[in-house]
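Below: one structure, written as structure tokens.
Values quoted throughout were computed directly from the atomic coordinates according to the rules given, and no laboratory measurement underlies them. Every value quoted in this text rests on a predicted model; they were computed, and no experiment measured them. Methodologically, a virtual Cβ is constructed for each residue, glycine included, from the backbone with ideal geometry; neighbour enumeration extends over all protein chains shown.
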Amino acid sequence: MASAAAVKSLPSTYNLDFQEITPKLWESIDTVRASLDMLHKLVPKLKVTADISAKASASFVAATELANVLVRKYNVPFRTAHKIVGALVKSLVESKLTFADATPRLLQKAAEKVAGIKLLVKAEDICELANPLKLVESHKVKGGPAPVEVKRALAAREKQLLLTKSNISKMDKELEEAENKLDATVKQFTGNLRKSATFKNLT
């Protein structure tokens with residue numbers, strides 16, 4: 001971020017501020033290396049809970065999505081939708097209920113209380129949000145958590161990984177060839193110097 005900020009602030013062409021960027025880039029490489037080392041040791045020991053849908057159903061993870069539904073399907077401004085859903089969640093918490101207990105009537109009551117509007121929401125729109133699996137599946141946007149998108153992203157990353165490995169192998173080979181060429185040139189140059197020194201001694 002420091003490097004990006006320095007580059008962004010440059011007026012144009014070459015600037016002495018570039019000299020401050022290089023050390024930060026080396027530091028970032030060290031940080032990434034250390035982070036990858038920790039991740040490498042962490043991943044094999046992870047224990048993943050198979051099914052947490054019951055826990056998710058008892059929470060209010062779908063509250064924001066309900067606000068989005070009010071915006072998309074019922075033309076409610078997001079600021080207003082946010083207030084309505086907030087009031088709904090508050091009433092559910094006070095009644096010791098979960099999001100699965102939300103009903104169109106409770107939502108309408110919250111809308112009248114905080115926004116002074118009559119809001120008739122279909123029961124199925126609320127019921128779908130109470131199911132965390134359907135909620136996840138609905139986010140099919142690029143980078144989203146939907147299974148279809150996750151599979152696509154994994155396939156793309158595997159393809160990129162194979163390409164990166166191929167490029168690294170190619171670079172290693174080129175570096176090895178360059179090093180061999182350098183060694184041969186140094187030996188040839190050293191041999192020429194010795195011949196020249198020998199010739200001078202003879203003359």
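Spacing of the modelled spin labels on Val141 and Ser12, each 7 Å from Cα toward Cβ, amounts to 3.7 nm.
Taking Cα atoms of region 54-137, Rg/Rh with Kirkwood Rh, to two decimals?
0.93
Enter the mean projected area of the convex hull around the alpha-carbon atoms of region 2-45, in nm², rounded to one decimal.
3.6
Of the chymotrypsin sites (Phe, Trp or Tyr not before Pro) found in region 1-97, those that fall in a DSSP loop while having at most 12 other beta-carbon atoms within 10 Å are Tyr14.
If eta is 1.306 mPa s and T is 10 °C, what Stokes-Einstein diffusion coefficient results for the chain, Kirkwood Rh from Cα pairs, in µm²/s? It diffuses with D of about 66 µm²/s by this estimate.
In terms of the Cα gyration tensor, with a ≥ b ≥ c the square roots of its eigenvalues, is region 1-115 rounded because a/c is under 1.5, prolate because a/b exceeds b/c, or oblate? Provide the component values of the computation, followed by the final result.
Working: a/c = 4.75, a/b = 1.79, b/c = 2.66.
Here region 1-115 falls in the oblate category.
All distinct Cα pairs of region 142-203 go into the 1/r average, and the inverse of that average, the Kirkwood radius, is 16.1 Å.
What dipole magnitude, in Debye to the nearest 20, does the chain give about its Cα centre under +1 on Lys/Arg Cβ and -1 on Asp/Glu Cβ?
The dipole of the chain has a size of about 260 debye.
In the chain, a dipole from Cβ-located charges (positive for Lys and Arg, negative for Asp and Glu) runs towards its positive end, and of Pro104, Ala67, Leu92 it is Pro104 whose Cα lies farthest in that direction. Net charge dipole, region 41-132: roughly 320 debye, given to the nearest 20, about the Cα centre with Cβ charges of +1 for Lys and Arg and -1 for Asp and Glu. Along Cα→Cβ, 7 Å out, is where each label goes; now give me the distance between the ones at Ala34 and Glu158 in nm to one decimal. With each label point 7 Å from Cα toward Cβ, the separation is 3.4 nm.
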